[in-house]
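The values are calculated or read from the model by the stated rules, or taken from the named source; none is laboratory data. If you're wondering where the values come from, they're calculated on a predicted model, not measured in any experiment. Here Cβ is always computed from backbone atoms with ideal geometry, including for glycine, and neighbour counts include all displayed protein chains. Surface areas here come from the heavy atoms of the whole protein model, side chains and all, with no ligands, DNA or RNA. Shrake-Rupley method; radii C 1.70, N 1.55, O 1.52, S 1.80 Å.
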Amino acid sequence: MTVLTLVRHGQASYMEEDYDRLSALGEAQARKLGEFWARHRLEFQKVFCGPARRHMRTCEIAGETVRAAGLPWPDPVIVSEVDELDAGKLMQLYVPKLVEHDAEARRLWDEFQAAGGSPEAGRVLQSLFEAVARHWCDAAIPITEVESWQSFRERVTSAIARIRQSAPNGSCSVVFTSGGPIAATLSATLDLPPRKAVELIWASRNCSYSEFLCENGRFSLSSFNSHPHLDCRELLTYR
């Protein structure tokens, strides 16, 4: 049985100027993941990584921890196609149009502006992004300057197919990526409609992993959003 593991990056710096940097908690989550793999003597024959710094840093910390335990850790291969959707551009282009037609989006936008830089602003922004993503995946507001859900899913699944083809039979491979590409992979694997797939992005824990099995041409889900290594409540985050 060939196993492909997809890891969501550790907590990034949400609501800060440089989102793509792991927070201190995100680094602790990645270290816990490496310790878990080392404790269970799990070896990966191939390691792949998205191009974002939060992907690469999560991979780096987990890999250093595994190597420190005396286990092999291959040099990671960067795969640009497993990068996250451009959420910043999506919000920039969609929000002005969405608030014109959707009362709930307009309410959230007004609430976000009123919240200023308070902690509450982060919660409201997340709700607004979820509303935008639902309309985006439905192609309700066609905007050619941003990647469509269908194009995003095809980009990710094509990359995952190439990674699968490169894996030797009976091997274990790991890909460090984001919640969106994991949801896109689940969508293709389970034949989920767009809205069902997009909802899985919000369910994905930071530094959780999902496992897929490859055998005789089949590609099937074994587990989603697993996090046995995150062994205290403070380590359980979604953003």
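Quick one: order Met56, Met1 from most to least accessible surface, probe 1.4 Å.
The ranking, largest first, comes out as Met1, Met56.
If packing is taken as the mean number of other Cβ atoms within 10 Å per residue, what is the order of 143-154, 211-222, highest first?
Taking the mean over residues of other Cβ atoms within 10 Å, the ranking is 143-154, 211-222.
Please pull out the direction-averaged projected area of region 72-162, using the convex hull of its alpha-carbon atoms, in nm² to one decimal place.
Convex hull of Cα atoms, orientation-averaged projection: 8.3 nm².
At 1.4 Å probe size, with every protein chain present, just tell me what the per residue accessible area of region 133-239 comes to in Å².
Dividing the accessible area of region 133-239 by its residue count gives 46 Å².
Counting C-alpha atoms alone, how compact is region 140-239: give Rg to one decimal and Dmax as a whole number, in angstrom.
14.8, 44
Which value, in Å², gives the accessible area per residue of region 1-107 when a 1.4 Å probe is used on the protein heavy atoms?
Values: 5230 Å² over 107 residues.
Computed with neighbouring chains in place, this is 49 Å² per residue.
Wrap a convex hull around the Cα atoms of region 21-124, take a quarter of its surface area, and give that in square nanometres.
That works out to 8.8 nm².
How big is D, in µm² s⁻¹, for region 31-77 by Stokes-Einstein at 37 °C and 0.692 mPa s if Rh is the Kirkwood radius over C-alpha pairs? Let's see the in-between values first.
Numbers: Rh = 10.5 Å.
The diffusion coefficient I find is 311 µm²/s.
Which value, in debye to the nearest 20, describes the size of the charge dipole of region 44-99 about its Cα centre when Lys and Arg Cβ atoms bear +1, Asp and Glu Cβ atoms bear -1, and nothing else is charged?
The calculation lands at about 140 debye.
Pairing the Cα long axis of helix 103-115 with the longest principal axis of the chain, what angle in degrees results, from 0 to 90 and rounded to the nearest 10?
80 degrees
Within the accessible area of the chain, what % is carbon and sulfur when the probe is 1.4 Å and the other protein chains stay in place?
Carbon and sulfur atoms account for 50 percent of the accessible area of the chain.
Order of 59-66, 32-39 by packing, highest average Cβ count within 10 Å first?
Details: 59-66: 21.8, 32-39: 20.1.
Packing order, densest peptide first, comes out as 59-66, 32-39.
Mind checking the log10 I(q)/I(0) for the chain at q = 0.10, 0.12, 0.17 Å⁻¹? Debye, one equal scatterer per Cα, no solvent, two decimals.
For the requested q values the scattering log ratios are -0.48, -0.68, -1.28.
What does the accessible area of Asp20 come to, in Å² to the nearest 10, when a probe of 1.4 Å is used?
Approximately 40 Å² for this residue.
If you average 1/r over every pair of different alpha-carbon atoms in region 1-75 and take one over that average, what Kirkwood value in Å do you get? Write down the numbers at each step before the final one.
Details: mean 1/r = 0.0785 Å⁻¹.
The answer is 12.7 Å.
Determine, from the Cβ-Cβ distance of Glu120 and Ser158 and an R0 of 41 Å, the FRET efficiency 1/(1 + (r/R0)^6), rounded to the nearest 0.05.
0.55
Between region 21-76 and region 126-202, how far is it from one alpha carbon centroid to the other, in angstrom?
Distance between centres, Cα-based: 23 Å.
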